[in-house]
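Asker: Provided herewith is a single structure, encoded as structure tokens, for subsequent inquiry.
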Amino acid sequence: ETSRFNHVEIIRAITDGDSFAIEHRIIQMGGTLRHVHQQVEVTAHDDSGRALKLAGAVHDITQRKNSEEQIRRLAYYDTLTGLPNRLLFSDQLLKAIAHAERHAQQVAIMFIDLDHFKRVNDTLGHGAGDELLRVVSSRLASSIRAADALGRTAADHSANSIARLGGDEFIVLL
């Protein structure tokens with residue numbers, strides 16, 4: 001995970017003579033987000049061990065970070081609807097159960113299967129079926145109250161408590 005710029009690393013490098021590596025997120029003038037990796041080595045010390053000279057390099061790692069994010073999304077989210085998939089939902093369910101046990105709360109799970117979905121695909125085509133799945137996922141996400149949803153974020157209007165298990169099957173965790 002990208003860490004925010006931290007003066008502690010630089011101070012430690014100077015006072016203790018420690019090398020360091022930091023990843024930064026930089027927003028360019030046009031609003032473009034870049035990720036860089038900064039590696040700094042201490043090349044000279046004084047008699048007390050304090051750094052006299054630092055040398056380093058900064059590498060743009062934006063492409064690597066974007067690829068990692070894409071891999072994460074493919075692993076945990078349904079590509080058609082953008083909802084969490086079975087794997088991410090299972091993780092969220094375990095966390096929700098543990099949270100409910102700690103706070104003496106309850107958890108509810110709704111399994112939703114679209115009746116006659118195969119008929120939509122067979123008669124109207126897979127494009128229509130895909131659009132139906134997107135509409136259903138959007139409506140499910142918008143019907144969950146923020147107080148009921150687990151892991152809802154401002155950036156992602158679809159809650160992690162709704163998942164597409166595959167085909168025409170959805171599950172909702174409240």
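Asker: I need the full set of residues from region 62-83 which are surrounded by 15 or more Cβ atoms within 10 Å (Cβ to Cβ) and among the basic types (Lys, Arg), in order please.
Answerer: Within region 62-83, Lys65 is the sole residue that qualifies.
Asker: Oh, and also: Counting just the residues of region 11-39 that are among the small types (Gly, Ala, Ser) and touching a strand residue (DSSP E or B) at 6+ places or on another chain (Cβ under 9 Å), which one comes out farthest from Val58 (Cα to Cα)?
Answerer: The initial filter retains those residues of region 11-39 that are among the small types (Gly, Ala, Ser), namely 13, 17, 19, 21, 30-31.
Next, only the ones that are touching a strand residue (DSSP E or B) at 6+ places or on another chain (Cβ under 9 Å) stay: 13, 17, 19, 21.
Working: Ala13: 16, Gly17: 19, Ser19: 14, Ala21: 10 Å.
Restricting to residues being among the small types (Gly, Ala, Ser) and touching a strand residue (DSSP E or B) at 6+ places or on another chain (Cβ under 9 Å), the top hit is Gly17.
Asker: Only one residue in Glu23, Glu9 is acidic (Asp, Glu), under 23 Å from the mean Cα position of the chain (by Cα) and open to solvent by less than 60 Å² (accessible area, probe 1.4 Å). Which one? I'd like the intermediate steps shown before the answer.
Answerer: Working: Glu9 fails: under 23 Å from the mean Cα position of the chain (by Cα).
When all the criteria are applied, what remains is Glu23.
Asker: Something else now. Looking at His99, His59 in this structure, which one is of a type outside the set (A, V, I, L, M, F, W, C), part of a strand (DSSP E or B) and open to solvent by 50 Å² or more (accessible area, probe 1.4 Å)?
Answerer: His59
Asker: Residues Thr15, Thr43: which one is part of a helix (DSSP H, G or I), of a type in the set (S, T, N, Q) and open to solvent by 50 Å² or more (accessible area, probe 1.4 Å)?
Answerer: Details: Thr43 fails: part of a helix (DSSP H, G or I).
Going through Thr15, Thr43 in turn, just one is part of a helix (DSSP H, G or I), of a type in the set (S, T, N, Q) and open to solvent by 50 Å² or more (accessible area, probe 1.4 Å): Thr15.
Asker: Which members of region 102-123 meet the condition of being touching a residue at least 24 places away in the same chain (Cβ under 8 Å) and surrounded by 14 or more Cβ atoms within 10 Å (Cβ to Cβ)?
Answerer: Val107, Ile112, Leu114, Phe117
The values are calculated or read from the model by the stated rules, or taken from the named source; none is laboratory data. Here the structure is a predicted model, which is why all the values come from computation and not from measurement. Neighbour counts run over all protein chains shown; Cβ positions are idealised from the backbone, glycine included. Please note that ligands, DNA and RNA were not included when accessible areas were found on the heavy atoms of the full protein model with its side chains. Shrake-Rupley method; radii C 1.70, N 1.55, O 1.52, S 1.80 Å.
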